[in-house]
1. Which helices (runs of 4 or more DSSP H) does the range 177-282 wholly contain that include 2 or more residues that are on the phi < 0 side of the Ramachandran plot and touching a Pro at 6+ places or on another chain (Cβ under 8 Å)?
2. Are there any pairs with C-beta distances below 6 angstrom linking a residue in the range 375-389 that is on the phi < 0 side of the Ramachandran plot to a residue that is open to solvent by less than 60 Å² (accessible area, probe 1.4 Å) and not polar (S, T, N, Q), with the two at least 6 apart or on different chains, and if so which?
3. Do any strands (runs of 3 or more DSSP E) entirely within the range 25-111 hold 3 or more residues that are touching a residue at least 60 places away in the same chain (Cβ under 8 Å), and if so, which?
4. Name the single residue, out of those in the range 479-515 being assigned to a helix (DSSP H, G or I) and of a type outside the set (A, V, I, L, M, F, W, C), that is nearest to residue 467 (Cα to Cα).
5. Does residue 380 fit the bill of being surrounded by 13 or more Cβ atoms within 10 Å (Cβ to Cβ) and either touching a helix residue (DSSP H, G or I) at 6+ places or on another chain (Cβ under 9 Å) or closer than 18 Å to residue 242 by Cα (or both)?
6. Which residue pairs have Cβ atoms closer than 9 Å, lie 6 or more positions apart in sequence or on different chains, and pair a first residue in the range 281-292 that is closer than 12 Å to residue 84 by Cβ and open to solvent by 10 Å² or more (accessible area, probe 1.4 Å) with a second residue that is modelled with pLDDT of 85 or more and part of a helix (DSSP H, G or I)?
7. Within the range 142-160, can you find the residues that are touching a residue at least 40 places away in the same chain (Cβ under 8 Å) and either assigned to a loop (DSSP other than H, G, I, E, B) or of a type in the set (D, E, K, R) (or both)?
8. Could you list, in sequence order, the residues of the range 30-53 that are of a type in the set (Val, Ile, Thr) and open to solvent by 10 Å² or more (accessible area, probe 1.4 Å)?
Amino acid sequence: MTQNKIAAPLASALAERGYETLTAVQQAVLNPDASGRDLLVSAQTGSGKTVAFGIAAAPELLDGGDRLPEQTAPLALAIAPTRELALQVAAELSWLYAATGARIATCVGGMDYRTERRALARGAHIVVGTPGRLRDHIERGALDLSGLRVAVLDEADEMLDLGFREDLEAILQAAPQDRRTLLFSATVPAAIEKLARDFQRDSLRVAAMGEARQHGDIAYRALSIAARDRENAIFNLLRYYEARTAIVFCKTRANVNHLLARMGNRGFRVVALSGELSQQERTHALQALRDGRARVCIATDVAARGIDLPGLELVIHADLPTNSETLLHRSGRTGRAGAKGVSALIVPPSDYKKAQRLLQGAKVVAEWGAAPSADEVGARDDARMLDHPALVTPLEDMAVARDLLDRVGPEQIAAAFVQLWREGRPPPEELTDSAPPSAAAPRAPREFGDSVWYVLTVGHTGRAEARWLLPKICEAGGITRDAIGAIRVRQDETFVQIATAEAARFGESVEIEPELTMRRLKGEPSLDRKPAGPAGPRPRKPATGFAPKPRKTAVSRPAEKPTEKPAAEPAPKPEWSPVAAEAEPGARKKPRWSAAQKAGKGKKDAATGTGKSAAPKGKGGKAAGPAGKRPASRRPQSGNTPPFRR
């Protein structure tokens, strides 16, 4: 180990812990180019990033000496996304800076706020915490960052994914502008690069390990299963490997609790980690894994972020992660510090394409196959039994062994040993025969080469389709369809892959047509489908030419075929005349009054002096109209009034 570049107190602490060589990321921060500069470091999970930023911050903290100065304001601040990771960072820095007289305080959610405030008031050289609790202490005046020299953001990509950007901005704005800022992350997406531009000055990009070597100590396996065999495949996988410690990742707390109950009933020694647990419960669960009382941990992505479990040999993805970065973070729990590990993906038929896309995005190669069957688990158990150390280790008191051999015989002793070996181990499960791995694995897409991704401001809500967008993109950039790779239509946007050689034709942004813009992205987009929001109104389907179904009649009779008659010219309507009315048979005759009625009408008109004649009265005193004609209704008739129904 090169000690001339490391501060003496830290070099002695590393030697006491058995460090003979430094990891790639630890050597990278000691390069002369990185001295005193802001750093953006990407390194795989478990590569020793905590010790790396502890070494990198030493020159600013010690200022050439061996002891930290006596002062109350913190000199260094380390921010972590989760409570477990913050406590783990504090523990690592405690032994690394033990010889310097460093006082380290932790500020994490779920712990007593008053205890943390008293620790800050006594004075702390290094403060480690989570974003929310640190911001709370700053706003209440308990944490003073005026003397801060170094700020460290560990697992920065995860903090952005969890929505801590606003808290990070508030914390870093409270620190001096001339501080040194170190960003450590397993992946560096576009959001991390933007964060570095906003809060770092002349930062140096450090890649501790190439993409080809990423997770080289982890064997990836993709297991194709039937949809109903998900849980049974997990049980058989745990029994097949019999790892000292294993972790099973689920998407939600409900899935964690369901699998915890199922595995507990099956006899597995299992604990759970999720956001609904208190800090004390989480600490007890982790301690049970460390001391061997539990061997399986079921956790969500957030709860398991950054935890370091000794002997973690197996990672099972019960639910596939949402993106490739999460896949790398999950798998990074194993294969740490040169140890070997296995990362197994449980892939039902509906998730084949998603699993292939995740593996390609993470740039890792997985071995496709079926989950271990009951016979394979049994054979693996028998092999481990035959290799048991008790079969080759001599017993101190062999007299008891000889007496047992004489009493029951060798066969019964062997049977008893097999029975004791199998007791306490959950029996394997029978699985449904699934397709072979070669048929189960999705086809690999064509090699497109170097490309640039663009996003269009239209998606499913705008009824966008690849066949509609393809000619418009070709026309806008003057390219052929061979220069366009994948077109992925999402709910409100569409991602398009353009060959790098032709990307200059589009620039940073181009308007395809009015209200349709194509904008260039930095890096690759996350192509996983997001949960759809509230459903909008569906467009109406075009009207079809179907006629309404005829109603059924009470009696079905065959319709008579009408006789066809030649069309005749319509005759002109004759004018009415009394003579024609009399001659027309069946015609309605005009009512006539008798001579007596006419005489009576003339006398009444003369007596009253009116020109109107009173109609003859009928029964009940009502006026009677002319014979054969009903009196008109008194109900007012208008265009909007329906006819009166009796």
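1. On the way: elements: 190-199, 230-241, 253-266.
The helices (runs of 4 or more DSSP H) meeting that bar are 230-241.
2. From the range 375-389, the pairs are 377/239; 377/240; 377/428; 380/240; 385/421.
3. Here the list reads 39-42, 76-79.
4. Start the filter on the range 479-515 by keeping residues that are assigned to a helix (DSSP H, G or I), which leaves 481-483, 500-505.
Next, only the ones that are of a type outside the set (A, V, I, L, M, F, W, C) stay: 481-482, 500, 502, 505.
Numbers: 481: 11, 482: 14, 500: 22, 502: 20, 505: 21 Å.
Applying the filter and picking the extreme gives 481.
5. Working: surrounded by 13 or more Cβ atoms within 10 Å (Cβ to Cβ): yes; either touching a helix residue (DSSP H, G or I) at 6+ places or on another chain (Cβ under 9 Å) or closer than 18 Å to residue 242 by Cα (or both): yes.
Answer is yes for this residue.
6. Taking only residues 6 or more apart or on different chains, the pairs are 283/87.
7. The initial filter retains those residues of the range 142-160 that are touching a residue at least 40 places away in the same chain (Cβ under 8 Å), namely 143-155, 157-159.
Answer for the range 142-160, where residues must be touching a residue at least 40 places away in the same chain (Cβ under 8 Å) and either assigned to a loop (DSSP other than H, G, I, E, B) or of a type in the set (D, E, K, R) (or both): 143, 144, 145, 146, 147, 148, 149, 154, 155, 157, 158.
8. Kept after step one, since they are of a type in the set (Val, Ile, Thr), are these residues of the range 30-53: 41, 45, 50-51.
Once the filter is applied, which keeps residues that are of a type in the set (Val, Ile, Thr) and open to solvent by 10 Å² or more (accessible area, probe 1.4 Å), the range 30-53 yields only 50.
The values are calculated or read from the model by the stated rules, or taken from the named source; none is laboratory data. Fair warning: this is a prediction, and the values are worked out from it, not measured in the lab. Because the Cβ atoms are built from the backbone with ideal geometry, glycine has one as well, and the counts that use them run over all protein chains shown. Side chains are part of the model used for accessible areas, which takes the heavy atoms of the whole protein and leaves out ligands, DNA and RNA. Shrake-Rupley method; radii C 1.70, N 1.55, O 1.52, S 1.80 Å.
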